[in-house]
Every structure is written in structure tokens, then in C-alpha cells.
Amino acid sequence: ARRTQGRALHVDDGRLRQRMSATLGITSVGQAIQLAVAPVFLLAGVGALLAVLINRLGRIIDRVYLLERELPADASAERRDAYLQSTRTLSRRARLIHWAITLCTTCDLLVCIVVATLFVSTEVTINLSSMIAVLFIAAMLALIAGLICFLREIALATALIESLDKTIPPTAPH
């Protein structure tokens, strides 16, 4: 606004408000992007963990199929029991990996909702910080539970390796 003879001349207040609103909107979206950076890194990390888990599940499934093919039809009862025990352990491992994958995927989905909620909160100018906190805590709990399942599966895999020599009797020469 310019002053002429002691009075202020008003520039079109509507255009000024529109410019200020656009500037504030860009600033608030920029802040939302800054807030979303950490959750996006978390998404990448959990995504890498999911790749490891899926790979482990695939190897467990392959091992079960291999055990089934290797078991001869005329195998002794002792050898059948050893193979069944190995298959049961692999099944438990697969179940744990399945739960780890489910929980880590849930974590990633919740983090995606956190990021979306950050942007919705910014655009609609509603304070959703409590909801964002609850979603993020739920994501962390899902990740913790998934990691616990993963650790349990690793313990089972290690125990299987340690007992492998004891459970499977050597094959008789043909």
C-alpha cells in the first residue's frame, strides 16, 4: 500500500491474501515433506528387511521340497522320523517367517498412513498429531514383533543346524 496525503491506498486485499495463502501453503507442504523424510527412510529399511525375510521363506520352502524328494519310499522308520522332525522344524520356521513378513508389511502400511496423514493434516489444517503418534507407535510395535519372530526363526535354524548330525542317520551304502 502507498500513502498519499496521509491516507493509505489499499491494494486489492483479495490478491494479497491469495499470494500469502499460496506462500503459506508451499511452506506448510515443504514442512510436511521434511517431516515425512524419516518415515520414508524407515519404509526403505523395512523394505530391505522384507526382501531378506521373503528370501528366507523361499529357501525354507525349497528345503522342504528337497527333503520330500530325497526320502526314499523304502526308508527305515528311524530315517522317516528324522525327516519328519526336520520337516516339522522347517514348518515352524516358515510360520515364524510368515508372521515376520506380515508384521513388517503392517509396519510399512502404517508408516505409509503416517506420511499420508502428515500431508492431509497440512492441507486441511487439522491437528492430527495424536493420530500420527498412535499410528507411528503401532508401526513400531508391529516392527518389533516382526523382528522378534525373525530372531526366533534364526534360533530355530541354528538349533536345526546344530542337531542335524544327530537326527539324520547316515544312509546305508547300496
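The values are calculated or read from the model by the stated rules, or taken from the named source; none is laboratory data. All figures in this text were calculated on a predicted structure; none of them were measured in a lab. A quick note on method: Cβ atoms are made from the backbone with ideal geometry, for glycine too, and the neighbour counts reach across all protein chains shown. When the accessible area is computed, the model is the full protein with side chains, heavy atoms only, and any ligands, DNA or RNA have been set aside. Shrake-Rupley method; radii C 1.70, N 1.55, O 1.52, S 1.80 Å.
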Please indicate, with yes or no, whether at least one residue in the stretch 128-141 is among the aromatic types (F, W, Y), over 15 Å from the mean Cα position of the chain (by Cα), modelled with pLDDT of 85 or more and open to solvent by 30 Å² or more (accessible area, probe 1.4 Å). no
Could you check the stretch 91-134 and list, in sequence order, the residues that are touching a residue at least 60 places away in the same chain (Cβ under 8 Å) and either within 22 Å of A155 (Cα to Cα) or touching a Cys at 6+ places or on another chain (Cβ under 6 Å) (or both)? R92, R93, L96
Go through the stretch 142-159 and count every residue that is surrounded by 18 or more Cβ atoms within 10 Å (Cβ to Cβ) and either within 25 Å of L35 (Cα to Cα) or at pLDDT 95 or above (or both). 6
When the stretch 74-94 is checked residue by residue, the ones that are part of a helix (DSSP H, G or I), more than 32 Å from the chain's Cα centre (by Cα) and either surrounded by 15 or more Cβ atoms within 10 Å (Cβ to Cβ) or among the charged types (D, E, K, R) (or both) are E78, R79, R80, D81, A82, Y83
